Every structure is written in C-alpha cells, then in structure tokens.
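Contents: one structure, followed by commentary.
The values are calculated or read from the model by the stated rules, or taken from the named source; none is laboratory data. All of these numbers come straight from a predicted model, not from anything done at the bench. Cβ coordinates were reconstructed from backbone atoms using ideal geometry, including for glycine residues, and neighbour counts include every protein chain displayed. Accessible surface areas use protein heavy atoms only, side chains included; no ligands, DNA or RNA. Shrake-Rupley method; radii C 1.70, N 1.55, O 1.52, S 1.80 Å.
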Amino acid sequence: MKQPAIQKPEGLKEVLLHACCAPCSSAIVEWMMANGVRPVIYYFNPNIWPREEYEIRKKESKRHAESLGLTWIDGDYDHEEWLHGVCGLEGEPERGRRCERCFTLRLIAAAKKAQELNIQYFTTTLASSRWKSLEQINQAGLIAEQTISQHPSPDLPSPKYWAQNWRKGGLYERRNQLLKEYNFYNQQYCGCEFSTRDKSTDIKEK
C-alpha cells in the first residue's frame, strides 16, 4: 500500500511549529488543523536582516496565527548573536555550511521551547521551501533533538523532531494559493544579509 505523502506521528495532537514566515506556514498549519494536530507557532528567526524586514515577517506570521485562534510565540531577535554563531561561514554559498549552522541554531531553540511548554514534538516550516536542502534541515532537527536529550529535565520529557517534507501532498501549491488569499507579504530572499548577494542565481522566491 502506498504511504501518504504526509505522515504524522501516532497519537500526535499538538506540535511546536517553528515558523520562518507566514507564507511557508499557511498550508502546513491548514493541513495540521484538518488532521487533528494543533500547532503552537514559534517565530524564531534571528537570521533575518535588516530589522525592518524581520518585523514585517513577524507581523504577518502573528496575523496568520491570530486569524486561526492559534497560540503564537515571539522568539528573541538577537542578530548579533546569530552572526557570532555563523562566524567564519559568511562566504559560504546558499545550501552551504552557513545554512546548516543557521538551521541548527534555530531548531535547537525550537526544541528548547517545545520542552519548556511540554510539547512532545517540534517541526519546522523551513522544510516547505524547495530552495532549501531538506537533508540539511532534517539533520539540524535531529541535532536539536539530540542536544535537548543530552540535557534532560527531571520534570519534562525531551521533545522529538518530526521530520517531514512539507512540499509534498499538494502543500506547496496550496501555499501559493493561500499567499494570495491572505495577501501575505512575500519576501524575495531567505533572510540574512549574505543571502542577498546574488538573487539572480542563489535566491529564489520562498
């Protein structure tokens, strides 16, 4: 029997969804809610530059969540700390080691927040973009899962990473439909200052 394009963990009712932006979140959230999963939206993207761009994307993510009555959490914006985290990788191309480090930093934060909220699973909308490496994203998610499990809380279980290709099952096409329906702001680059260097070749519409 053919496996469905999207497979949720057995018994899953709630998940912490790390959201990179409203457009990429929209179809994923819709699918989750239609399939008995309530997402808690965690907006943690200190990579985004400049601050004005970050605020626009944050506002759209919050607007989307509130329109559906979902919990939306604002992660800290510390771009200087993020720059420190990717120091030495500034010259890397898109899909290079800088992106690996960036994904890992953000998903470790998501895993920590999931544990804090006692949510069993976390996942990310980063896996919805066809311009990102799904392998890099899933590796970052697993590193985040392992990192948290190595520092267990006596009262809270360590969350697990829900690895899922969120481009499948018609979700990428539905994302583009919802983008128009909500009239979302649609960014034209990934987020950091390094991703704006060569939009004609590296950076595509998310």
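At a glance:
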{"quantity": "By average C-beta atoms within 10 angstrom, highest first, the peptides 73-86, 181-194", "calculated": "181-194, 73-86"}
{"quantity": "Percent breakdown of C-alpha pair distances by 10 Å bin, ordered from the shortest bin, for segment 1-141", "calculated": "11, 41, 36, 11, 1"}
{"quantity": "Rounded, prolate or oblate (a/c below 1.5 giving rounded, otherwise prolate when a/b exceeds b/c) for segment 1-81 by Cα gyration tensor", "calculated": "prolate"}
{"quantity": "Förster radius 22 Å - calculated FRET efficiency between R38 and Q7, Cβ distance, rounded to 0.05", "calculated": "0.80"}
{"quantity": "Accessible carbon and sulfur surface of the chain relative to its total accessible area, %, 1.4 Å", "calculated": "49 percent"}
{"quantity": "Tensor-based shape of segment 34-96 (alpha-carbon gyration tensor, a/c under 1.5 rounded, otherwise prolate or oblate)", "calculated": "prolate"}
{"quantity": "Within the chain: Cβ-based charge dipole about Cα centre, in debye rounded to nearest 20 (Lys, Arg +1; Asp, Glu -1)", "calculated": "740 debye"}
{"quantity": "Global geometry of segment 60-194, whether rounded, prolate or oblate, following the gyration tensor of its Cα atoms and the 1.5 cut on a/c", "calculated": "oblate"}
{"quantity": "Rg/Rh for segment 124-202, where both radii come from Cα atoms and Rh is the Kirkwood radius", "calculated": "1.08"}
{"quantity": "Additional length obtainable on full extension of the chain from E135 to T196, 0.36 nm per residue less Cα span", "calculated": "19.7 nm"}
{"quantity": "Sequence-separation-based contact order of segment 127-189, relative, with Cα cut under 8 Å and 6+ spacing, percent", "calculated": "34 percent"}
{"quantity": "Surface/4 estimate of mean projected area, convex hull on alpha-carbon atoms of segment 65-121, nm²", "calculated": "5.3 nm²"}
{"quantity": "Listed pairs K2/K62; K59/K168; K2/K113; K112/K180 exceeding 30 Å between Cα atoms", "calculated": "K2/K62; K2/K113; K112/K180"}
